[in-house]
Amino acid sequence: MVFDFLKGEFIDVISWLDDTRDTMVWRFERRGQAIKYGAKLTVREGQAAVFVHEGQLADVFGPGLYMLETNNMPIMTTLQHWDHGFDSPFKSEVYFVNTTRFNDLKWGTKNPIMCRDPEFGPVRIRAFGSYAMRVSDPAVFLREIVGTDGEFTADEVSNQIRNIIVQEFSQTIAKSGIPVLDMAANTADLGKIVQTAISPAVAAYGLILPEFYIENISLPEEVEKVLDKRTSMGIAGDLHKYMQFNAAEAMANPASGAGAMMGAGMAAGMGAAMAQATGPWGAAPAAPAPAAAVPPPPPPTAMVWHLAENGATLGPFDEATLRQMARDGRLTRATHVWTQGQDGWKTAGDTALSRLFDGPPPPPPAAG
């Protein structure tokens with residue numbers, strides 16, 4: 001009886017059957033009982049078992065069935081100062097870590113991200129998506145994130161991971177130089193870039209993100225409305241042809257109200273045209289009105305001239321201005337000038353402007 005009582009004080013089977021979908025770490029409850037030397041440890045696929053002795057991380061076991069002895073617990077043996085063949089019970093905390101994927105975790109930008117677009121200038125964008133998370137290093141994850149929590153869920157770490165994602169996504173978007181309108185076609189490439197940038201940060205927590213997706217990148221609502229109008233104008237193209245197309249489509253569907261109204265309007269227009277052609281009461285059409293007089297052609301455009309002065313081109317000047325400049329001495333026969341149709345620059349004295357330099361006529365002879 002005493003032997004059975006003592007045997008009941010020792011744990012000889014350690015295992016964990018997870019019946020949840022979000023538990024990442026679960027501490028094996030021993031309730032003050034000591035673990036029997038040689039006890040069986042069962043670690044299933046998608047699990048890892050981490051032994052913690054007096055606050056220190058000890059041995060880590062992957063999937064398999066183990067007999068807890070000195071030969072497969074080297075760190076625990078060192079911490080306990082066990083001799084070879086030591087068979088006394090021992091006390092240790094055992095944490096089971098779920099190493100399977102946690103899928104369909106969501107991320108999104110709480111506030112708009114400001115970036116510079118080559119077409120629209122500074123714009124604010126939002127984004128959201130999903131990712132998968134998995135523990136890659138159980139010991140590091142237990143030390144950096146879990147601590148002494150007896151049951152740790154994915155929700156407790158997802159907020160921190162989301163913050164890392166948003167930070168790296170903001171920096172990646174700002175450096176990418178991809179126009180906003182082209183981002184939708186490059187979400188897969190952007191996702192890979194962000195995933196690569198995130199990897200070192202999450203690895204420090206003993207985690208990896210095997211999958212990362214950008215599901216949507218959007219502009220502010222008021223900007224999207226402006227883009228919708230711009231798109232509509234582009235689709236419409238030639239507004240005259242667009243109206244003709246709408247009229248033809250309405251005539252092809254007379255049952256619709258719009259078709260009936262369009263048909264009535266076109267019928268009225270055709271009736272008015274026929275009435276104008278036949279005259280009242282079916283009489284012969286009236287004689288055509290005389291053609292309007294052809295307006296005279298516009299007067300010829302006055303000739304203007306350009307001047308070359310100290311390597312610069314001045315003008316254009318009309319002839320009245322040039323006449324005054326000739327009187328003031330600012331225009332001489334040697335000044336280079338050019339006008340439309342002239343072959344290169346010429347001196348004013350060699351052009352029609354030479355008349356501006358003709359002196360006044362001599363005084364008339366005295367009366368005889």
key: Packing-based ranking, highest mean first, of 190-200, 153-163, 126-136 given that Cβ atoms within 10 Å are counted   = 126-136, 190-200, 153-163
inquiry  = At a 10 angstrom cut-off on C-beta neighbours, averaged per residue, how do the peptides 203-210, 220-227, 182-189 rank from highest to lowest?
reply    = 203-210, 182-189, 220-227
request  = Using label points projected 7 Å from each Cα along Cα→Cβ, tell me how many nm separate Trp345 and Ala302, to one decimal.
outcome  = 2.5
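Could you size up the charge dipole of region 145-230 around its Cα centre, putting +1 on the beta carbon of Lys and Arg and -1 on that of Asp and Glu, and report it in debye to the nearest 20? Mind dumping the intermediate values first?
Details: 6 positive and 13 negative charges, 89 e Å.
The dipole magnitude comes to about 420 debye.
Of Lys40/Lys91; Lys192/Lys229; Lys106/Lys192, which pairs sit farther than 26 Å apart, going by alpha carbon to alpha carbon? Write down the numbers at each step before the final one.
Working: Lys40/Lys91 15 Å; Lys192/Lys229 33 Å; Lys106/Lys192 17 Å.
The answer is Lys192/Lys229.
Quick one: if the Förster radius is 25 Å, what FRET efficiency do Glu119 and Ser199 give, using the C-beta to C-beta distance and rounding to 0.05? Display every interim value, and only then the final one.
Details: r = 32 Å, r/R0 = 1.28.
For R0 = 25 Å, the calculated efficiency reads 0.20.
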note = Here P(r) for region 102-223, Cα-Cα distances in 5 Å bins, as whole percents, is 2, 11, 22, 22, 16, 11, 8, 5, 3, 1, 0
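Which length gain, in nm to one decimal place, applies between Gln171 and Glu54 when the Cα-Cα distance is subtracted from 0.36 nm times their residue separation? Each step should come with its number before you reach the end.
Numbers: separation 117, 0.36 × 117 = 42.12 nm, distance 4.24 nm.
That works out to 37.9 nm of additional length.
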query = From the backbone phi of region 148-164, what are the Karplus-calculated ³J(HN,Hα) couplings (6.51 cos²θ - 1.76 cosθ + 1.60, θ = phi - 60°) in whole Hz, Gly and Pro given as x?
reply = 9, 5, x, 8, 10, 10, 5, 4, 6, 10, 5, 4, 5, 5, 4, 4, 5
key: Charge dipole magnitude, Cβ of K and R +1, D and E -1 - region 21-157, Cα centre, debye nearest 20   = 420
inquiry  = From the phi angles alone, apply the Karplus equation (6.51, -1.76, 1.60; θ = phi - 60°) to region 57-72 and give each ³J(HN,Hα) in whole Hz, x where the residue is Gly or Pro.
reply    = 5, 10, 7, 10, 10, x, x, x, 10, 10, 9, 6, 9, 5, 6, 10
key: Under Karplus coefficients 6.51, -1.76 and 1.60, residue-wise ³J(HN,Hα) of region 92-107 in Hz, glycine/proline x   = 7, 7, 10, 10, 9, 10, 7, 9, 7, 6, 10, 9, 6, 7, 9, 9
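Taken together, the values in this text are just the output of simple stated rules run on the coordinates, not laboratory data. Computed from a predicted model, the values in this text were never measured in an experiment. Neighbour counts run over all protein chains shown; Cβ positions are idealised from the backbone, glycine included.
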